[in-house]
Amino acid sequence: MALKIRLIVMNFLQFFVWGAWMMTLAHYGFVEKQWNGAQFGLVFSTMGFASLVMPTLFGILADKWKANYVYAILHLLFGATMCFLPIIDAPIPFFWVLLVAMSFYMPTLGLNNSIGFKVLKSEGKDPTKDFPPIRVWGTVGFIVAMWITNFFTKDWGLGQSIKVSFIIAAVMAFVLSAFAFVFLPVIQKQEGDKATAQKTWMEKLGLEAFVLFKQKKMAIFFLFSLLLGAALQLTNAYGDGFLQDANVFSKGGLINNFSTMILSVSQVSETLFILAIPFFMKRFGIKRVMLISMLAWVLRFGLFGFAENTVFGFVLIIASCIVYGMAFDFFNISGALFVEENTDSRIQSSAQGVFMLMTNGVGAVLGNIIAGLVIAQWFEDPLTHVKDWPNIWFAFAGYALVVGIVFAFVFKYDYKKDKHLQAKI
């Protein structure tokens, strides 16, 4: 099997096992299990909790041992843990088991990239040029998984409980684990790497990058990364639950029946907006691109808030899914580029780790838990669990708007003076 094909399969399966269950988790929790907003917020925060420490720990293990074997074992353990979720009814035990599963899965996101980079470099290829066309197949895998789950769980398909999504993810995780053991090249720690050997534990854990918080510009940037990170997963957490709520969209109707497929437009949009980033960066600069992302989040939430069970409501939902690509990509990629260009080369990897920690770790945890508590307190009937979806989405939109306005006045960065950054774009 050709090297490129092997990496494409790895990326496809990597994100397939995530997309198979994540987008339908809200419907499973709210409808099938009748959990309230606070309980579901805690459950969905498992990805953020797992992102706080586990990627760093298993990254160190992968550096010490064989990266592809660590990757394969983690997927094997992830799949095994997911098999227990369908038999758990209470939200707190479900939280702990899903947290274990996410502790195995989240480190594989970084390992997927590092394995791809190392394999390409070993073949004399340039990862900057050759990896993106391979990575895009991960998004394709996520979309395909959403469509397959939609077929398994809808009345027009097989009509199974959404709990089958956990089994689909588990089975494909086992397939990926076997594939990694058999088809991925063995990647061992390079002996005689003095730079690696001389690293302190502070450097290996990425903790030396926290010195960046002493710089006002970087501290402000990381603070806003946390604040926006609180919004990044909210539509993934609640989007499918919203579209499948029979109180809003009639059961058996187009929107209710094809909710997961409709939401997959967001992932399609994501792949397309990646291509537009160089144009926007050159034309508007990094701060304005970040502001565009925050405005896009306002539209993402606000369009959902106005959506009803009408043809126009369907148009608004599709528009929200299209806007998602801009909202998600523009901040993540422009933010990563900002970090790269404003940190010393010795700690750039660690600095990127801090950026991911603030967005997908601390920000995601706080966002999901606080959002769940807010919904349970003000936007949910305590007895029937019927939700006030328009005001939920408007509250999220208002939050993103406030963050964007404050960011515009507080974050100071003159993109035009950064000739090196412009040259790279």
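Residues that are in contact (Cβ under 8 Å) with a residue 24 or more places away in the chain and of a type in the set (Ser, Thr, Tyr): list the helices (runs of 4 or more DSSP H) wholly contained in segment 293-408 that include at least 1 such residues. Spell out how you get there, then give the answer.
Values: elements: 311-341, 348-356, 364-378.
Output list reads 311-341, 348-356.
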Margin query: Need the failing condition index for Ala231 against (1) buried (at least 21 other Cβ atoms within 10 Å of the Cβ); (2) closer than 18 Å to Phe15 by Cα, just the number.
Written below: (2)
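Which of the residues belonging to segment 370-413 are within 20 Å of Ile333 (Cβ to Cβ) and at pLDDT below 90? Steps first, answer last, please.
Of the residues in segment 370-413, the ones within 20 Å of Ile333 (Cβ to Cβ) are 400, 403-404, 407-408, 411, 413.
Matches in segment 370-413: Phe411, Tyr413.
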Note to self: Give me the residue from segment 248-292 that is crowded, with 16+ Cβ neighbours inside 10 Å and not in a helix (DSSP H, G or I) and, out of that set, modelled with the lowest pLDDT.
What the structure shows: Gly285
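On the basis of being within 21 Å of Leu52 (Cβ to Cβ) and more than 21 Å from the chain's Cα centre (by Cα), does Leu357 make the cut?
Numbers: within 21 Å of Leu52 (Cβ to Cβ): yes; more than 21 Å from the chain's Cα centre (by Cα): no.
Spelling it out, it is not the case that Leu357 is within 21 Å of Leu52 (Cβ to Cβ) and more than 21 Å from the chain's Cα centre (by Cα).
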Check: Which one is modelled with the lowest pLDDT, of the residues in segment 87-117 that are more than 22 Å from the chain's Cα centre (by Cα) and surrounded by fewer than 16 Cβ atoms within 10 Å (Cβ to Cβ)?
Finding: Asp89
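Here's the yes/no breakdown for (1) modelled with pLDDT of 90 or more; (2) more than 22 Å from Ile8 (Cβ to Cβ); (3) touching a Lys or Arg at 6+ places or on another chain (Cβ under 8 Å):
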| position | (1), (2), (3) |
| --- | --- |
| Val171 | yes, no, no |
| Ala180 | yes, no, no |
| Glu203 | no, yes, no |
| Lys217 | no, yes, yes |
| Leu223 | yes, yes, no |
Notebook entry, point to check: Looking only at segment 13-39, which residues are of a type in the set (Phe, Trp, Tyr), over 30 Å from Gly116 (Cβ atoms) and at pLDDT 85 or above?
Noted result: Tyr28, Trp35
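The values are calculated or read from the model by the stated rules, or taken from the named source; none is laboratory data. Since we're looking at a predicted model, the values are computed, not measured. Because the Cβ atoms are built from the backbone with ideal geometry, glycine has one as well, and the counts that use them run over all protein chains shown.
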